[in-house]
1. So, A80, is that one without any contact (Cβ under 8 Å) to a residue 60 or more places away in the chain, surrounded by 24 or more Cβ atoms within 10 Å (Cβ to Cβ) and either more than 15 Å from the ligand (Cβ to nearest atom) or outside the structural domain of E240 (by TED's automatic domain parsing) (or both) or not?
2. Which members of region 108-122 meet the condition of being of a type in the set (A, V, I, L, M) and surrounded by 24 or more Cβ atoms within 10 Å (Cβ to Cβ)?
3. Which condition does G181 not pass, out of (1) in a helix (DSSP H, G or I); (2) more than 21 Å from Q72 (Cα to Cα); (3) within 16 Å of the ligand (Cβ to nearest atom), if it passes all the others?
4. Would you confirm whether or not region 236-244 contains a residue that is within 11 Å of the ligand (Cβ to nearest atom) and assigned by TED's automatic domain parsing to the domain that holds D24?
5. Just wondering, is there one or more residues in region 2-15 that are small (G, A, S), surrounded by fewer than 18 Cβ atoms within 10 Å (Cβ to Cβ) and not in a loop (DSSP other than H, G, I, E, B)?
6. From (1) within 16 Å of the ligand (Cβ to nearest atom); (2) open to solvent by less than 70 Å² (accessible area, probe 1.4 Å), pick out the condition that doesn't hold for T91.
7. Out of D121, D135, report the one residue that is without any contact (Cβ under 8 Å) to a residue 24 or more places away in the chain, more than 16 Å from the ligand (Cβ to nearest atom) and not hydrophobic (A, V, I, L, M, F, W, C).
8. Checking A85 against (1) farther than 17 Å from A53 by Cβ; (2) surrounded by 23 or more Cβ atoms within 10 Å (Cβ to Cβ); (3) more than 15 Å from the ligand (Cβ to nearest atom), which single condition isn't satisfied?
Amino acid sequence: MVSIGDIVLPDFPLLLAPMEDVSDPPFRAVCKENGADLMYTEFISSEGLIRDAIKSRQKLDIFDYERPIGIQIFGGDEEAMALSARIVAATNPDLVDINFGCPVKKVVSKGAGAGVLKDIDLMVRLTSAVVRATDKPVTVKTRLGWDESSINIEEVAERLQDVGIKALSVHGRTRAQMYRGHADWTLIGKVKNNPRIKIPIFGNGDIDTPEKALEYKNRYGIDGIMIGRAAIGYPWIFNEIKHFLQTGTHAAAPTVQQRADAIRKHLHKAVDWKGEIVGILEMRRHYTNYLKGFPHIKEFRNQLVTVKSVAEIEEILGQIVTRYEGFVPERKIASFPEEQGCSC
Ligand SMILES: Cc1cc2nc3c(=O)[nH]c(=O)nc-3n(C[C@H](O)[C@H](O)[C@H](O)COP(=O)(O)O)c2cc1C
């Protein structure tokens, strides 16, 4: 059992990483169904929330079936962070998460996201301001440091724990690395095994198979794993890892019928949330990911991103199921952030 404040999670929980333009309510619904133990919203700008920006406000939408769920905010100004924490808390998430890891220029240049990694005192002040502003448990997601020469995650973990965060997720890369190379979990393990650290430490970065999850669990002793890209178009990763950890054997890969069902659920949730026109449009970016590895799928995919009604999409999904019955595609990890237009 792992506790984040008053939130109780199962042993070795698997977390769905916050992902801009990906981890919205429809995507979270399919991840929840497939074993995600704790999920987060996409990151939300504190300034945007305060300005009442519609896009930011919409990201606050959470549903009871998603619980436990965290809302993630970012920003570089103490007052704005505290105020946005209060706005967020009013929507009643289970926790409030702070993003100190986003490496994109538009965020970093405003002294937010991973930009804060250059100034730990500021990071501590921002965190403390959020902790003081809300009764909800506050967690942080960050990277190892700004660059190779300023890796500071061990100090960061201690100081953020001291100002009251209830869990820390660490992506094993520096800001300078963006997404290059491999995530370095050695330091994540060091943070976890520091006797001063009492809060749960979740490791993040490059987990894409059950074998890797087991290996890193045993090697680094972390409290749980946060998964991002490997869940895109493949929400089954959560239950596959759980099955492997429990039994040492692989769960059966999803059938084409199960894939179509996941797409259908994702689509229906999108339509329920945003209405038919916008829901169908927003769903279009997901088909490639769900259908990776199917030979000659292009024609079906082109139809899926062209038709304008749920009934037509259902019809095409039916054809896909018939055409590929019994076929199990080789597992391929979905889009990298560069392709998605974000690299938080
Ligand atoms: C498309 C995309 C969007 C992301 N958006 C966010 C975000 O909003 N907040 C955040 O903390 N991290 C964000 N990230 C980073 C992920 O949460 C995660 O730390 C990173 O992808 C590494 O984990 P992975 O190797 O399992 O994908 C994003 C990543 C991707 C791929």
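The values are calculated or read from the model by the stated rules, or taken from the named source; none is laboratory data. A quick note: this is a predicted structure, and the numbers were derived from the prediction, not measured. Every residue, glycine among them, receives a Cβ derived from its backbone with ideal geometry; neighbour counts consider all protein chains shown. In case anyone asks, the SASA skips ligands and DNA or RNA and just uses the protein heavy atoms, side chains included. Shrake-Rupley method; radii C 1.70, N 1.55, O 1.52, S 1.80 Å.
1. Criteria not met by A80.
2. Listed by number, the residues that qualify are A112, A114, V116, L117.
3. With respect to (1) in a helix (DSSP H, G or I); (2) more than 21 Å from Q72 (Cα to Cα); (3) within 16 Å of the ligand (Cβ to nearest atom), G181 is out only on (1).
4. yes
5. Among the residues of region 2-15, at least one is small (G, A, S), surrounded by fewer than 18 Cβ atoms within 10 Å (Cβ to Cβ) and not in a loop (DSSP other than H, G, I, E, B), which makes the answer yes.
6. Only one criterion in (1) within 16 Å of the ligand (Cβ to nearest atom); (2) open to solvent by less than 70 Å² (accessible area, probe 1.4 Å) is unmet by T91, namely (1).
7. Answer to the check: D121.
8. (1)
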